[in-house]
Amino acid sequence: MKTSDQSILVAPDSFKGTFTSVQVAQYIAAGIREEGLTAIECPLADGGEGTLDVLLLALNGEEQFQSVQGPLGQEVVARWGWVPDQRLAIIEVAQACGLHLSGGNPTDALHASTVGVGELVITASKFGAEKIIVATGGSATTDGGQGAIDALQGYEEVLAGISIEVLSDVTVKFEDAAKVFAPQKGADPATVELLNERLDSVANLYVKRYGRDPRGLEQTGAAGGLSGALWAALGAQLFSGADYVLNLVGFDELANKADAVVLGEGRLDAQSSLGKIVGVAARRVHDRPVLAVVGSSALDLTESNTLGLSHVWVASSASELRDSGKALSRWLAPNVTK
């Protein structure tokens, strides 16, 4: 097939539980290339699960493994990332205390702890990290980060010289973490109330110990309040995970050089405009078509257009993702002028 000089930026998030963002980008790009167009792969993440892989790829980092305490006290071998030339460590909270490591019942929701995250921070500090990125999505915990902070007792002097940047895919405040997220982690109404009370108690402890109150601040409720704990105890900076990753991978520059941009995520719905990667990325693209390939969609055509999407394809398998790459290439032919 004759090769076109049109180029398409393929920048999807993961399809949670099915494909990583790297896989989604590869499959879609393969279909685009079969149609003779150029595809530039740029896997994305929003601070949730999959952020580790995206940052390792973007920063040419090294995969590391560390045995830590899981959310229910079990031994877990957690993956984390190391970028030697930047003295940068990347920690994905779900690796140490992810929902997949818990039973998802009221008892587990109450007792799940972030101790393992604290242990990963200690490991990173021993590697000589000057900066630690903590991606907070996908946790089983609502302990207000107390497990992690307790694990870090005695390391305050070392950590004082390390910049900690927390990436969140939510804007929920510390005091709302239980009512918003704990039901998804297995908590029943009675357990949610217990968790609410504990969050309040933990916040009071942070005020007494560190002089900083995480309540009332957006993004402090991520990972069941862990982000607020890191902010209160260690002076961590809180970031929108989507914007942070987009900036880090140079998304704007790549998009400006492409003739069209293809985004993607597991489910397109009303939440896509509230901090999820598709909505955030679409707003940053100007003067060229923005398309999406998704696992499922709850939006009609008008709602998709409002989000900034010219067209949406639904794909749930590797072959369908590849076929969507072919289909969107054919759709673009009469809609893009070089």
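The values are calculated or read from the model by the stated rules, or taken from the named source; none is laboratory data. Please read these numbers as outputs of a predicted model, since none were measured by experiment. Cβ placement follows ideal geometry from the backbone for every residue including glycine, while neighbour counts extend to all protein chains displayed.
Across the stretch 272-304, which residue is modelled with the lowest pLDDT among those that are closer than 18 Å to Asn256 by Cα and small (Gly, Ala, Ser)? Among those that are closer than 18 Å to Asn256 by Cα and small (Gly, Ala, Ser), it is Gly279.
For every residue, the table says whether it meets (1) small (Gly, Ala, Ser); (2) surrounded by fewer than 23 Cβ atoms within 10 Å (Cβ to Cβ); (3) over 20 Å from the mean Cα position of the chain (by Cα).
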{"site": "Leu254", "(1), (2), (3)": "no, yes, yes"}
{"site": "Leu268", "(1), (2), (3)": "no, no, no"}
{"site": "Val278", "(1), (2), (3)": "no, no, no"}
{"site": "Val285", "(1), (2), (3)": "no, yes, yes"}
{"site": "Leu291", "(1), (2), (3)": "no, no, yes"}
{"site": "Leu299", "(1), (2), (3)": "no, yes, yes"}
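Could you please give the count of residues in the stretch 13-64 that are closer than 15 Å to Gly241 by Cβ and of a type outside the set (S, T, N, Q)?
Looking only at the stretch 13-64, we keep the residues that are closer than 15 Å to Gly241 by Cβ, and these are 13-14, 16, 21, 43-55, 58.
Subset that is of a type outside the set (S, T, N, Q): 13, 16, 43-50, 52-55, 58.
Of the residues in that region, 15 qualify.
Gly250 passes every criterion in (1) buried (at least 22 other Cβ atoms within 10 Å of the Cβ); (2) within 28 Å of Glu35 (Cα to Cα) apart from (1). Could you tell me whether any residue of the stretch 221-228 is under 26 Å from Gly147 (Cβ atoms), free of Cβ contacts under 8 Å to residues at least 60 places away in the same chain, out of contact with any His (no Cβ under 9 Å at 6 or more places or on another chain) and not aromatic (Phe, Trp, Tyr)? Yes, that holds for at least one residue.
Candidates in the stretch 106-134 are the residues that are buried (at least 19 other Cβ atoms within 10 Å of the Cβ) and among the small types (Gly, Ala, Ser); of these, the one that is farthest from Leu56 (Cα to Cα) is Ala109. The single condition among (1) under 16 Å from Ala318 (Cα atoms); (2) surrounded by fewer than 24 Cβ atoms within 10 Å (Cβ to Cβ) that Ser14 does not meet is (2). The residues on offer are Ala89, Ala96, Ala45, and the sole one that is part of a strand (DSSP E or B), touching a residue at least 24 places away in the same chain (Cβ under 8 Å), surrounded by 24 or more Cβ atoms within 10 Å (Cβ to Cβ) and within 18 Å of the chain's Cα centre (by Cα) is Ala89.
On the given criteria, is Ser21 polar (S, T, N, Q), over 20 Å from Gly147 (Cα atoms) and touching a Pro at 6+ places or on another chain (Cβ under 7 Å)? So Ser21 fits the description; yes.
Counted as qualifying within the stretch 149-210 are the helices (runs of 4 or more DSSP H) with 2 or more residues that are of a type in the set (A, V, I, L, M, F, W, C), under 20 Å from Ser102 (Cα atoms) and under 20 Å from the mean Cα position of the chain (by Cα), namely 177-181.
Residue by residue, here is whether (1) outside the structural domain of Val115 (by TED's automatic domain parsing); (2) out of contact with any Lys or Arg (no Cβ under 9 Å at 6 or more places or on another chain); (3) in a strand (DSSP E or B) holds:
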{"site": "Val24", "(1), (2), (3)": "yes, yes, no"}
{"site": "Ile32", "(1), (2), (3)": "yes, no, no"}
{"site": "Gly36", "(1), (2), (3)": "yes, no, no"}
{"site": "Ala39", "(1), (2), (3)": "yes, no, yes"}
{"site": "Leu57", "(1), (2), (3)": "no, yes, no"}
{"site": "Phe65", "(1), (2), (3)": "no, no, yes"}
{"site": "Leu72", "(1), (2), (3)": "no, yes, no"}
{"site": "Val76", "(1), (2), (3)": "no, yes, yes"}
{"site": "Trp82", "(1), (2), (3)": "no, yes, yes"}
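Suppose the filter is under 26 Å from Gly103 (Cα atoms), of a type in the set (Asp, Glu) and either at pLDDT below 95 or out of contact with any strand residue (DSSP E or B) (no Cβ under 9 Å at 6 or more places or on another chain) (or both); does Asp213 pass it? Answer is no for this residue.
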